[in-house]
Amino acid sequence: MSPAPSSAKPGPQTLFPPNGLRIRRIRFGEYDIETWYDAPFPEEYAAIPDGRLWMCEFCLKYMRSRFSASRHQTKCKVRHPPGDEIYRDGKISIFEVDGRKNKIYCQNLCLLSKMFLDHKSLFYDVEPFLFYVMTETDDMGAHFVGYFSKEKLSPKNYNVSCIMTLPVRQRQGWGNLLVDFSYLLSKKEQRAGSPEKPLSALGALGYKNYWTLSVMRYLRDAPPNPRLEGMASS
């Protein structure tokens with residue numbers, strides 16, 4: 001299982017300029033990433049130097065300054081998300097993180113995703129959710145790529161509540177891989193699954209791309225006179 005090429009476009013940096021945002025960019029690992037939307041960080045983060053928030057890419061702790069981030073970097077021993085590693089293929093791993101057992105990490109993850117999702121509403125009530133965090137590992141550790149979350153008990157069989165790939169990781173197939181994994185989990189649980197509605201504009205684009213590629217692959221290898229039932233069970 002490896003990321004497939006994606007035709008989905010990254011988020012609308014030009015359509016949603018960061019003017020007026022309290023936090024205009026984040027320093028995340030080696031990347032400076034411009035934010036698209038505001039997130040409900042504590043009030044003391046309303047005025048930070050250069051509008052830049054510093055985040056540890058491993059534990060997701062957020063800080064106000066380069067000095068604080070540098071000090072944290074020398075002390076932080078975390079090199080991968082908390083929870084259980086439930087999938088690995090070469091350098092790619094997926095960790096299942098329980099919102100009840102790892103509350104601070106999951107709350108910070110929600111704040112991170114809010115800066116790139118216009119419809120994100122879950123921030124602090126993370127206990128009813130599981131978070132599936134995808135990473136790419138090198139000698140430094142397991143670098144965050146993206147994630148999706150889902151309710152532990154969903155009466156409507158939703159298999160995704162929220163899904164986000166870092167902007168610097170978009171258009172590389174990671175979103176398709178996250179969606180594919182959400183359906184594999186549903187298949188393992190022997191139930192149908194679909195994302196929560198309504199989808200955001202980027203979410204709808206990502207799912208459209210995923211299903212277009214999935215249908216094309218199925219039709220390429222399908223027997224004569226293929227049926228939808230066959231595709232659903234494949």
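The values are calculated or read from the model by the stated rules, or taken from the named source; none is laboratory data. Values in this document were obtained by computation on a predicted structure and should not be read as measured data. Here the Cβ is made from the backbone with ideal geometry for all residues, glycine too, and neighbour counts use every protein chain on show. We work out accessible area using only protein heavy atoms, side chains counted, and drop any ligands, DNA or RNA first. Shrake-Rupley method; radii C 1.70, N 1.55, O 1.52, S 1.80 Å.
The protection proxy used here, the mean number of other Cβ atoms lying within 10 Å of each residue, ranks peptides 192-198, 153-159, 73-79, 57-63 as follows, highest first: 57-63, 192-198, 153-159, 73-79.
For M140, the solvent-accessible surface computed with a 1.4 Å probe is close to 110 Å², ligands and nucleic acids excluded.
Excluding ligands, DNA and RNA, what is the solvent-accessible area per residue of the chain at a probe of 1.4 Å, expressed in Å²? Intermediate results must be reported in sequence, preceding the final value.
Numbers: 12740 Å² over 234 residues.
About 54 Å² of surface per residue is accessible.
Surface composition of the chain: carbon and sulfur make up 54 percent of the accessible area, probe 1.4 Å.
In debye to the nearest 20, how big a dipole does the chain give about its Cα centre with +1 on each Lys and Arg Cβ and -1 on each Asp and Glu Cβ?
Details: 33 positive and 25 negative charges, 20 e Å.
Computed charge dipole of the chain: roughly 100 debye.
Grab the DSSP H runs of the chain that are 4 residues or longer, score each as -39,500 (n - 2.57), total them, divide by all residues and round the 222 nm result to the nearest 500 deg cm²/dmol. Write down the numbers at each step before the final one.
Working: 5 runs with 64 residues, N = 234.
It lands at -8500 deg cm²/dmol.
In this simple spin-label approximation, R66 and L219 carry label points 7 Å from Cα along the Cα→Cβ vector, and these lie 5.3 nm apart.
Accessible area ranking (1.4 Å probe, heavy atoms, ligands and nucleic acids excluded), largest first, for R27, R71: R71, R27.
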